[in-house]
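A quick write-up on the structure given underneath.
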Amino acid sequence: MIKPDRIVTTTCPYCGVGCNLELHVKDDFIFKVTSPFDSPVNHGNLCVKGRFGYDYIYHPKRVTTPLIRKTKQEAGRRTQAFDLSEWREVSWDEALDYAADRLVEIYKRGGSDAMAVYCCAKATNEDNYLLQKMYRSIFRTNNVDHCTRLCHAGSVVALQQAVGSSAMSNTASQVIQNDVFIVTGSNTTENHPIISLQMKEAVQKHGAKMIVVDPRRIELVDFADLWLPLKPGTNVPVFTAMAYVIVTENLVNHDFINDRTEGYTEFLASLEDFTPEYAEKISGVPAEDIRKAARMYATAKNAAIYWGMGISQLSHGTASALALIHLAFLTGHIGRDGTGLNPLRGQNNVQGASDMGAMPFHYPGYMRVDNEDNAAKWEKTWNIEAGGLSRKLGLTTTEILSHAHEGGVRALYIMGENPMMSEPNLNETRKHMEQLEFLVAQDIFINESGAFADVFLPATPFAEKDGTFSNTDRRVQRVRAAQKPRGQSRPDWQIICDLALRLESRLGRVTAKWDYSNPEEILREMAGVNLDYAGITYERIDKVGLIYPVPNMNHPGTPTLFKDSFPRGRGKFHVLDYVPVMEEADDEFPFILTTGRVLEHWHGGTMTRNSALNEAYPEARVQMHPADAEMHGIRDGDPVKVQSRRGEVVLRATVTEKTTVGVVFIPFHFAEAAANLLTNDALDPQAKIPEFKACAVQVFPAREDELAHPDVMLSRGRY
Ligand code: SF4
């Protein structure tokens, strides 16, 4: 048995559960991962990603030297090739000087609107705070966003409108205090495995009743009392019909409605048409099951709702989330332990990146950029002249790329994200990427997006840096370096500081602070204005973290929000209409495609496909129902072509009753059969989130030789 030199406790870099990890290190090499049994988040449990998915940090394709792309004449430009011969290895000084020169030249020519940045939900709070600070304080732009736009933007906007706060209201571990809970639009077993364990424990050990509302027969259905298999995109009629039942059967909590909400009268009037029978016609869910679900939820002592991207990734994602919020308002299942509205956040630090202001409408702490008082506070903190920060709302991720043209965005900086896998309608995304004049990629691998870059800045993964992540519970936890940065790679925060100093000197300004000696100094600067973090220090969160809001140094944290009031005062009901998905199945494209994750992989695959996990789940698969497969002459394992109005992919079929008739499912991790070549880039008008969860497709048998080999795809030539 190997005896470790040290065991370093840190936080998992994959999903928003934020499990605590122990990295066992020998000779500056991590050889094993375990978890402390006293962790309040995961109690010693880990899923396969946390346990085995760390070896990507040693993958030979990891880039640990700064690179500049050779000139067009020498090698061609933006060929999407993973080919190091197209790059020149350079010193950090040369890479940063080059990036600074080009960014400043484009800024001087095109102004603030020409500049944009993608922050990163995988990076630390400190990294994200600094990157948005660099773009806001130096380039005076709010064109700052990250992948929250692509996962929970609908939930964030709905919660902001209805209660004035967008995080989970309760912690996930409170599920064992629920008498009834609804899980909807979340394949929790694969997306948040440790939370799904807690859900099963709630059912099996604590007698809770679970209602699953999902188009797929996900694993949790086996533990549920009731499953409502709705058609993708029909959340609003199903949940509003539940509201109809709660109201018409007088199951409402009148005291809560009178004391804590507004807009009930108008909402009540709008319910008239949303009968369970109407919802059945649209969603396919039997009216009687909608009634049962409404009664179970409304009459429980403590009930909660947990939801995922099946609610938010729709062109009416905001309305879908509002329909859930109404159920909590009607019954008063909010503001107490064991109740609540709980959007399960996807990435390890998507909550934190949002808290840090990595968004186009908000400074850190969800302070609107178009509010004078907010802007003045950050101008003071960043030593900027009064009126210097932009009050103009910035562009969202999808808009940043669609504005990549003459007179629009000319230079883009991407830290750790991969829009060439994560954006919808990738054939369009590719055209936009080609229009950029200058692209900086700061990452650990050259992924599908980095292949378009002009300069590559090698960053360190979670195991080689210090900082904090904020998990889906709002728990701020430590990230600790377990080994030295490989090669010349550097922590993101250090790269950003060095670049910011160069940018400021080229622009003849010395304004904001960039000479931090450690990441905690960065967090403390942010916490001086974002008071949710005011009482957080590295010492206080050393062992088990703290759940914000933590308004002062003596505050113990706030696991349950809204006990007495909502941040906006009264909770606001909204009148909702049913709006169908943008593309419904028809004769030409008779299936609805829905996309998501599988247990073994993560997002664009930059980490998991370069780890041992890829051996466990090596290829893309489309799941289809046996009845559909039989009708189309498709057997399990056959190659099939899936085609939408925007693109096509070839992959093998998995014939399974996990999907319902007429619905096919493709995970979005596989570049060789990228699900987002097919998806629809229609946006929710308020949240600007794309409709990843429903588009119309056709499925045909294909030939073996039409399948793309994953290694071929590493050359990224197939798009
Ligand atoms: Fe990591 Fe999430 Fe798995 Fe926990 S459940 S080990 S946080 S991926």
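Look through Thr558, Thr511 and report the one residue that is under 30 Å from Ala321 (Cα atoms), polar (S, T, N, Q) and not assigned by TED's automatic domain parsing to the domain that holds Pro237.
After ruling out the rest, the residue left standing is Thr558.
The residues in region 1-39 that are within 22 Å of Gln347 (Cβ to Cβ) and free of Cβ contacts under 8 Å to residues at least 60 places away in the same chain can be counted, and the count is 4.
Any residue at all in region 574-585 that is surrounded by 15 or more Cβ atoms within 10 Å (Cβ to Cβ) and over 26 Å from Asn680 (Cβ atoms)? No, the conditions are met nowhere in region 574-585.
When you look at Arg635, is it among the charged types (D, E, K, R), open to solvent by 30 Å² or more (accessible area, probe 1.4 Å), in a loop (DSSP other than H, G, I, E, B) and touching a residue at least 24 places away in the same chain (Cβ under 8 Å), yes or no? So Arg635 fails the test. For the residues Gln483, Gln477, the requirement of being assigned to a loop (DSSP other than H, G, I, E, B) and of a type outside the set (Val, Ile, Thr) singles out Gln483.
Among residues of region 499-519 that are acidic (Asp, Glu), those with a Cβ under 9 angstrom from a residue that is part of a loop (DSSP other than H, G, I, E, B), sequence gap 6+ or separate chain, pair up as Glu504/Val510; Glu504/Thr511; Glu504/Ala512; Glu504/Trp514.
Comparison of Pro551, Pro519 shows that the only residue that is at pLDDT 95 or above and open to solvent by less than 30 Å² (accessible area, probe 1.4 Å) is Pro519. Applying the set (1) of a type in the set (S, T, N, Q); (2) surrounded by 24 or more Cβ atoms within 10 Å (Cβ to Cβ); (3) in a helix (DSSP H, G or I) to Gln161 leaves exactly one unmet item: (2).
Taking Gly557, is it on the phi > 0 side of the Ramachandran plot and open to solvent by 30 Å² or more (accessible area, probe 1.4 Å)? Judged against the criteria, Gly557 is not a match. There is no residue in region 220-238 that is more than 28 Å from the chain's Cα centre (by Cα), under 22 Å from Val663 (Cβ atoms) and surrounded by 19 or more Cβ atoms within 10 Å (Cβ to Cβ). Considering region 480-516, the residues that are open to solvent by 60 Å² or more (accessible area, probe 1.4 Å) and among the small types (Gly, Ala, Ser) include one that is nearest to Asp28 (Cα to Cα), namely Gly487.
Filtering region 1-37 to residues that are near the ligand (Cβ under 10 Å from one of its atoms) and closer than 14 Å to Phe462 by Cα leaves Thr11, Cys12, Pro13, Tyr14, Cys15, Gly18, Cys19, Asn20, Leu21, Val33. Taken over region 591-632, the criterion of being of a type outside the set (Asp, Glu), open to solvent by 50 Å² or more (accessible area, probe 1.4 Å) and either closer than 25 Å to Leu230 by Cβ or in a loop (DSSP other than H, G, I, E, B) (or both) is satisfied by Pro618, Arg621, Met631, His632.
Any chance region 382-394 includes a residue that's not in a loop (DSSP other than H, G, I, E, B) and not assigned by TED's automatic domain parsing to the domain that holds Met309?
No, region 382-394 contains no residue that is not in a loop (DSSP other than H, G, I, E, B) and not assigned by TED's automatic domain parsing to the domain that holds Met309.
Scoring Pro40 on the criteria (1) within 16 Å of the ligand (Cβ to nearest atom); (2) at pLDDT 95 or above; (3) open to solvent by less than 50 Å² (accessible area, probe 1.4 Å) leaves a single failure, condition (2).
Just checking, which of Val455, Val479, Val409 is in contact (Cβ under 8 Å) with a residue 60 or more places away in the chain and within 30 Å of Val17 (Cβ to Cβ)? Spell out how you get there, then give the answer.
On the way: Val455 fails: within 30 Å of Val17 (Cβ to Cβ); Val409 fails: within 30 Å of Val17 (Cβ to Cβ).
From the options Val455, Val479, Val409, the qualifying one is Val479.
Lys392 falls short on exactly one of the conditions (1) under 22 Å from Leu130 (Cβ atoms); (2) out of contact with any Ser or Thr (no Cβ under 7 Å at 6 or more places or on another chain); (3) basic (Lys, Arg); (4) crowded, with 19+ Cβ neighbours inside 10 Å, and that condition is (4).
Taking helices (runs of 4 or more DSSP H) as the structural unit, those lying wholly within region 275-361 and holding at least 1 residues that are hydrophobic (A, V, I, L, M, F, W, C) and surrounded by fewer than 24 Cβ atoms within 10 Å (Cβ to Cβ) correspond to 276-283, 287-299, 317-331.
Of all residues in region 464-513, those satisfying the criterion of being over 30 Å from Trp307 (Cα atoms), small (Gly, Ala, Ser) and at pLDDT 95 or above are Ala481, Ala482, Gly487, Ser489, Ala500, Ser505. Just the residues that are open to solvent by 20 Å² or more (accessible area, probe 1.4 Å) and on the phi > 0 side of the Ramachandran plot, please, taken from region 43-67. Matches in region 43-67: His43 only. For region 191-216, a residue qualifies if it is modelled with pLDDT of 95 or more and among the charged types (D, E, K, R), and the qualifying residues are Lys200, Glu201, Lys205, Lys209, Asp214.
State whether one or more residues within region 451-458 are open to solvent by 10 Å² or more (accessible area, probe 1.4 Å) and of a type in the set (Asp, Glu).
Filtering region 451-458 down to residues open to solvent by 10 Å² or more (accessible area, probe 1.4 Å) leaves none.
The answer is no, given that none of the residues of region 451-458 is open to solvent by 10 Å² or more (accessible area, probe 1.4 Å) and of a type in the set (Asp, Glu).
The values are calculated or read from the model by the stated rules, or taken from the named source; none is laboratory data. Keep in mind the model is a prediction, meaning the values are calculated, not measured. As a convention, Cβ positions derive from the backbone with ideal geometry for all residues, glycine included, and neighbour counts pool all protein chains shown. Note: accessible area is taken over every heavy atom of the protein model, side chains too, but ligands, DNA and RNA are not part of it. Shrake-Rupley method; radii C 1.70, N 1.55, O 1.52, S 1.80 Å.
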